[in-house]
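Structure first, commentary second.
The values are calculated or read from the model by the stated rules, or taken from the named source; none is laboratory data. Just so it is clear, the structure is predicted and the values come from calculations on it, not from any experiment. So basically every Cβ, Gly included, is an ideal-geometry build from the backbone, and we count neighbours across all protein chains shown.
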Amino acid sequence: MFGAVEAIAPDADLFPVPDPTPYGLVELGEGGRVLGFIEKPDPAHVTTNTINAGIYLLERTLLARIPEGRPSSMEREFFPGLLADRSLKAGAIVLGHNGKPFTAASIGGAIATRAIMADLRVGANGITGGPAPFAKADRSRFLQALDEALVRLSAGR
């Protein structure tokens, strides 16, 4: 129903450890398919003991996605950007938290902003802040956009 998704060509070295909290977790699904990454979770949010050992194998063409002249995070920038780009190219509808659909032109900035905010929160030494929490109206806008997207997909549009 949602179409075939092109195979993604990076590979990572994964390793089980007794205490995964100091590392980035890798959630795996059927057949070892990567379902998601969780960066250094607190003990209450540990879902697996499989971690990313920090070794990546990439096709040469993917190296161009890594920006030159500044630090870049594979977990927070490269992989989410690659997934988002491939999802959009495959015809997926990618919605923001406010229900607004992302485009190829807008998704990169959103991912970069997310990465910057995550880094700022880590360095804030317990100081929190940021936008207002997800409100009832936000949830309603998102659910309305999601419903419209699902109706379009089921109708084949």
*Elements of type strands (runs of 3 or more DSSP E) contained in region 2-74, each with 3 or more residues being modelled with pLDDT of 80 or more*: 11-16, 24-28
*Hey, can you tell me all the residues within region 101-115 that are within 18 Å of Asp138 (Cα to Cα) and buried (at least 16 other Cβ atoms within 10 Å of the Cβ)?*
Phe102, Ala110
*asked:* within 29 Å of Pro16 (Cα to Cα) and of a type in the set (Gly, Ala, Ser): is that true of Ser106 in this structure?
replied: no
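Please go through region 66-95 and give me each residue that is among the basic types (Lys, Arg) and either in the same structural domain as Pro18 (by TED's automatic domain parsing) or surrounded by fewer than 14 Cβ atoms within 10 Å (Cβ to Cβ) (or both), ordered by number. Before you say what the answer is, go through the steps one by one.
Going through region 66-95, the residues among the basic types (Lys, Arg) turn out to be 70, 76, 86, 89.
Selection gives Arg70, Lys89.
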